[in-house]
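Below is one structure; the comments refer to it alone.
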Amino acid sequence: MGRKANNNKTTNLTTFSENVLSDLCCEIYQGQYILVLGDDVVLKPEYCGGSSKEYIMKEFKLENDENILTLPDVKGSLDTFLSENWEYNVEKEVSPELISLLSTKCFKVVLTTTFDQYIETVMRKIWGDELRIMNIYGESNLNIFSSTSEFNRIPPTLVYVFGKAGTKTDFVLTENDAIKVIHRWLSLKYDDPLYSLINYIQDKKQRRKVLAIGCRFEDWYFRFFWYSIHQNINDLDGDVAISLNTDNSESDKNLAKYFKSIRVENQGNSRQFLSELNRLLNDPDRNVYRKYLPLLKTGGIFISYASEDFPIVCQIYTALANAGFSVWFDNKDLSAGSTYDTRIATAISECRIFMPILSRQTKTDIGNSISRYYKDVEWEAVKDNKDCEIIPVTLFGFNINSDREILPEIFKSRTVFSWTENKADEICETLKKLMDKA
């Protein structure tokens, strides 16, 4: 699938067909995409057109009407303003489409070109204490990218690629700031913590791609920024969505020509693209699961999971299927009925390995005695399959050492794997031995 970029000149997505978007959704669910977010799609349109930077600067100038003469004074005052006076009101100000997009949990690694903390505030509400914050300035927990390049082992992470205001460090405000920080990205040495992030993005084995939405930069700025995170502009392999105004901006016209030269199409506009993509990602039954269904096979591994964990289950399925296993999983958003129940019952009775996915959602459901299909029906049904092995797999948010006691007895004594600590090939090797033994 070719790379896609948004262009405000186009007022509809007729050339960006639903089939193309559906394919993109499948790749997103498989964990192939890193999301890059710019400031101009963060807020609702009534707040300075949706630009968090413009909105913050407008309010900052209203409060600081005294004559601030030097750039250091401006940045220092703005930093204090954001750390002491600014409330990040997600419900009132942030774009609901952006909140919904991030709430799918399809993007575990998000890069932001903003200096404000709106996106961080949204992601903290979604991921809680699991979220890692990385800042190009100051101390950053960048070592998480150095131990492995497997997507599933990376905790939910937000990267401030141009620095974060309100932290008493530094951040990009002017073009001179941009030049300085891009020079650092382009001059990375192998022992620089940021180098491991670049390697993570570049890893072709994982087919990792970058999807950028709402990054409205000057022509030169964007070219250097894009090269800095790819480090190889001649080997692009991903989709890009940006804001271009080719009607009114000569700079955007030149940038559009540049994209065309590297086979990047310009179509749609960032907010319309975000709305369409968000609509499809939140309807996985229609555009993602239907593509998996013809490929699913009974008689091997049955994955039982909460619907909230659907994105990571797609990644688990992909890893297991690529290793040669027959795998079945159902989409819990489907309407339960006699056909659905029969299909589930048949798949569980025929499986040789039953794999319950244990997550933060699982812990919440059990702890609050919430009725859920996966645990009330599937976990009960597997008790009748005396020939299958039960291999629980944990995700971030479920600690088997402290949470084992809340599990049903049929799971407590089992060997448990961690999808965030054990490598996929290690899990696959164990599963293969169990299959061979059976």
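The values are calculated or read from the model by the stated rules, or taken from the named source; none is laboratory data. Given the structure is predicted, the values throughout are model-derived calculations rather than measurements. Cβ sites come from the backbone with ideal geometry, for glycine too, and all protein chains shown count toward neighbours.
Worth a mention:
- Condition met for residue 371 (free of Cβ contacts under 8 Å to residues at least 12 places away in the same chain and either assigned by TED's automatic domain parsing to the domain that holds residue 433 or of a type outside the set (A, V, I, L, M) (or both)): yes
- Among the residues of the range 418-427, those that are surrounded by 16 or more Cβ atoms within 10 Å (Cβ to Cβ) and either free of Cβ contacts under 8 Å to residues at least 60 places away in the same chain or in a helix (DSSP H, G or I) (or both) comprise 418, 422, 424, 427.
- When the range 378-407 is limited to residues that are part of a helix (DSSP H, G or I) and of a type in the set (Lys, Arg), the one that is nearest to the chain's Cα centre (by Cα) turns out to be 404.
- Any helices (runs of 4 or more DSSP H) falling wholly within the range 281-368 and containing at least 1 residues that are touching a strand residue (DSSP E or B) at 6+ places or on another chain (Cβ under 6 Å), aliphatic (A, V, I, L, M) and in the same structural domain as residue 409 (by TED's automatic domain parsing): 310-322, 338-350
- Helices (runs of 4 or more DSSP H) completely within the range 49-130 that count 2 or more residues being over 17 Å from the mean Cα position of the chain (by Cα) and in the same structural domain as residue 200 (by TED's automatic domain parsing): 52-63, 71-84, 90-93
- When the range 76-101 is filtered for residues that are in contact (Cβ under 8 Å) with a residue 40 or more places away in the chain and among the hydrophobic types (A, V, I, L, M, F, W, C), the ones remaining, listed by number, are 78, 82, 86, 94, 98, 101.
- When the criteria are applied in full, residue 415 meets the requirement of being over 23 Å from residue 308 (Cβ atoms), touching a residue at least 24 places away in the same chain (Cβ under 8 Å), not in a helix (DSSP H, G or I) and not basic (Lys, Arg).
- Condition met for residue 397 (within 21 Å of residue 108 (Cβ to Cβ) and of a type in the set (Gly, Ala, Ser)): yes
- Any chance residue 35 is at negative phi, under 15 Å from the mean Cα position of the chain (by Cα), crowded, with 18+ Cβ neighbours inside 10 Å and not in a loop (DSSP other than H, G, I, E, B): yes
- Residue list for the range 284-297, restricted to those being touching a Cys at 6+ places or on another chain (Cβ under 7 Å) and of a type outside the set (Lys, Arg): 287, 288
- Selected residue (only one of 433, 383 is of a type in the set (Lys, Arg) and within 24 Å of residue 346 (Cβ to Cβ)): 383
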